[in-house]
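Q: A single structure is presented below for examination.
Only the coordinates and a few stated rules stand behind these numbers; no lab work does. This structure is a prediction, so every number in the text was calculated from the model and none was measured.
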Amino acid sequence: MRAGIVAGVVAVAAALWTADSASAQCAMCVTALEQNGGELAAGFNRGILFMLAMPYLVFTAIGASWYRKRRQRLSLETLSASD
C-alpha cells in the first residue's frame, strides 16, 4: 500500500516537472501564437493543460466520494451487526 502511494507521488512529481516540455501544440498554432506574443502562447498552453486535467480531477472527486460513502456504510453495517 505504501509503495503504491510513493509511486503515485513520484509519478505526479515527474508529470509536473516535465509540464513545460509537454505543453506544445501543432506547428501552425505555435506560429500563429508566437506572432501575437509569447504571453498569449503561454496562456494557450495553460488552457490546454487545464482542459486535460479537468476530467481526471472530476473522476477522482467522484471516486473519492463514492469510496468514502461506501466505507461509512460498511462501518455502520459492522457496528449494527455487532450489537
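Q: If you wrap a convex hull around the Cα atoms of region 24-82, how much volume per residue is inside, in Å³?
A: Numbers: hull volume 3.9 nm³, N = 59.
Here the figure is 65 Å³ per residue.
Q: Compute the helix-to-body angle for 38-82: its Cα long axis versus the longest principal axis of the chain, expressed 0 to 90° and rounded to tens.
A: On a 0 to 90 degree scale, this one is about 0.
Q: Any chance you could give the angle, 0 to 90 degrees and rounded to 10, that helix 2-17 forms with the longest Cα principal axis of the chain?
A: Taking the Cα atoms of the chain, the angle to 2-17 is about 20 degrees.
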